Amino acid sequence: MSKPLISRRAAALSGSAKVPGDKSVSHRALMFGALAVGESRVEGLLEGDDVLRTAAAMRALGAEVERLDDGSWRLYGRGVGGLKEPEDVLDLGNSGTGARLMMGLVATHPFTTVFTGDASLRSRPMKRVSLPLSQMGAQFFGRDGGRLPMAVVGTGNPLPITYELPVASAQVKSAILLAGLNTPGQTTVIEREATRDHTELMLRNFGAQVDVEHGDQGQRIITVTGFPELTGRHVIVPADPSSAAFPAVAAIITPGSDIVLTGVGINPLRTGLYQTLREMGADLAFENQREDGGEQVADLRVRHSALMGVDVPAERAPSMIDEYPILAVAAAFATGTTRMFGLSELRVKESDRFAATLRGLLACGVQVEEDGDTLIVHGSGKPPMGGATIAVNLDHRIAMAFLVLGMAAAEAVAVDDAEAIDTSFPGFVQLMNGLGAKVATTDAIV
C-alpha cells in the first residue's frame, strides 16, 4: 500500500537534531564484523530497511548478529574465508550497496549464493561488479542485462587482479577489495576519481593491510593483501551526511531558519554537497570537529541563506552522487543558473534520478533542462510555485528532496509514496516536523 505525504510551507526551522547513522558505514560495520574473529560492537547503526537486510544476510551467511537492549548491535564473526552457504535466497530489498558489496564477499567462497531484491534493485545493473569478480574466478548467472535475481557461484581458487574502474564507484571498488580479502597475494583497484573510502578506513581499523598510493596522473591505487586476520572492533557510526543534506537544505531555503545537526560524518570524500552549498553562499559551518572510530565528524550549523547559481564540476560527482536531487532543489531557490556536470551515474541509482529530478522540478514550476549528462537549473531567486504530486518510483531520496521543496514553495508539494524513505532515514517526518516543518499524510492529490 502506498504512503502519500504532503509538505506545506513552513515557518522558520529551529533547534537541534541528530539524523540517523551513516548508511555506508552501517553496511560495512555489519559485513566486516561478520568477517572478524571475536566480538564486534556497533553503536549508532542505521536501522533502516537497507541495513536490516544486510544484518539478516550476514546471519544467513553464518555470523551471529543481534540487537541489544541499549540499541547497540553485537556480532560474532566467522573469520576471513569462514562464511557458510546460505540456505535460502538473500533478499536485499532496495539496497544496491548491500547487494554489490555482498557479491564481493561471497565471490571468493566455494559455494553458491542467490541474490534478489525489490523491483527497483532488480532493475539495476550488476555487470559492473560481476565483470571484475568473474576475472577472479567467480561465476554469475542472472537475468538479461546482468540483473537480479542472480546466482553467484563462488570460487575456491580465487585469483588476485589489478582492475581499473571504468566508472567512479565506491560499491564496485569495495566489492573487489572484499573479494581480495579471501584471495592469495594482492588485489588492486585503480580509480581515476576518488570515491568514498569507508571500506579502506574500516578494513584498516579491523586489522587488514590496505595500502593507498597515488599514480602519476592522480589516480588512487588501492591494494589489499589477502588472508588478514580481522579482529572484532567497537564501531561508532557517525550521522549520515547524505541524510543530513535534507534538513540542511530545508533550513537554507526556509526564511529565518537556524538549526544544528549533531555528529555528522564529514569524511572529505563525502562532503561535496556542503562545499557546493558554501560556494552558492550558504551559511553553513562545521563546529566541534572530532574523530570517532576513524571517521571525522562535526556538528553542522545551518542558517537561512540567499543562494547564487554556480557550476558544479563533474569531478565532484563521486563525493556527492546521492545529493544531486536535493542540490537541484536548493538551486531552484537560488538566483541565477546552476549547472551540474557529469551526472551519468545518477541515471542508474534506485531510480533514474536524473530524469526524476528533472520531471519533478518541471512539475513544480522550475525552469530546468538537460544537456547530455548535465542538469541545468535556472533559479529566479524566488520560491518555486510547487503545487504538484511527485511520482517517486520507490526512490527515498527523490521523495525527501521534493518534500523539502514543499517546505518553502509557494504551494504545497506531495509525493505519491514515501514508504521507501525508511530505507535510509527512518523518522524523517518526525525529525523534520520537530524542527518546524509541516509534513503530513494525505490521500489527496494536490
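Values computed for the structure shown
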quantity	calculated
Qualifying positions in the stretch 210-240 - in a strand (DSSP E or B) and closer than 30 Å to Val260 by Cβ	His234, Val235, Ile236, Ala239
Of all residues making up the stretch 285-316, the number that are of a type in the set (A, V, I, L, M, F, W, C), crowded, with 19+ Cβ neighbours inside 10 Å and not in a loop (DSSP other than H, G, I, E, B)	5
Qualifying residue in the stretch 119-137 (condition: out of contact with any helix residue (DSSP H, G or I) (no Cβ under 8 Å at 6 or more places or on another chain), without any contact (Cβ under 8 Å) to a residue 40 or more places away in the chain and under 28 Å from Val264 (Cβ atoms))	no
Index of the failed condition, Ile252 passing every other in (1) under 15 Å from Gly44 (Cβ atoms); (2) among the β-branched types (Val, Ile, Thr); (3) in contact with a Ser or Thr (Cβ under 7 Å, 6 or more places away or on another chain)	(1)
Selection within the stretch 317-340 - within 26 Å of Arg192 (Cα to Cα) and not in a helix (DSSP H, G or I)	Met320, Thr338, Arg339, Met340
Which listed residue is surrounded by fewer than 19 Cβ atoms within 10 Å (Cβ to Cβ), touching a helix residue (DSSP H, G or I) at 6+ places or on another chain (Cβ under 8 Å) and touching a residue at least 60 places away in the same chain (Cβ under 8 Å), from Val212, Val167, Val172	Val167
Matching residues in the stretch 372-414 - criterion: being modelled with pLDDT under 95 and touching a Leu at 6+ places or on another chain (Cβ under 6 Å)	Asp373
Candidate set: the stretch 185-209, residues that are among the hydrophobic types (A, V, I, L, M, F, W, C) and in a loop (DSSP other than H, G, I, E, B); chosen: the one surrounded by the fewest Cβ atoms within 10 Å (Cβ to Cβ)	Ala194
Members of the stretch 357-388 found to be over 23 Å from Leu307 (Cα atoms) and aliphatic (A, V, I, L, M), listed by number	Ala388
Matching strands (runs of 3 or more DSSP E) fully within the stretch 30-104 where at least 1 residues are modelled with pLDDT of 95 or more and among the small types (Gly, Ala, Ser)	39-43
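One line per residue, one yes/no per condition, for (1) of a type outside the set (A, V, I, L, M); (2) modelled with pLDDT under 95:
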| residue | (1), (2) |
| --- | --- |
| Ala119 | no, yes |
| Arg124 | yes, yes |
| Arg128 | yes, yes |
| Pro132 | yes, no |
| Phe141 | yes, no |
| Pro158 | yes, no |
| Ile161 | no, no |
| Pro166 | yes, yes |
| Ser169 | yes, yes |
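The values are calculated or read from the model by the stated rules, or taken from the named source; none is laboratory data. The structure presented is a predicted model; accordingly, all values stated were derived computationally and were not measured. Here the Cβ is made from the backbone with ideal geometry for all residues, glycine too, and neighbour counts use every protein chain on show.
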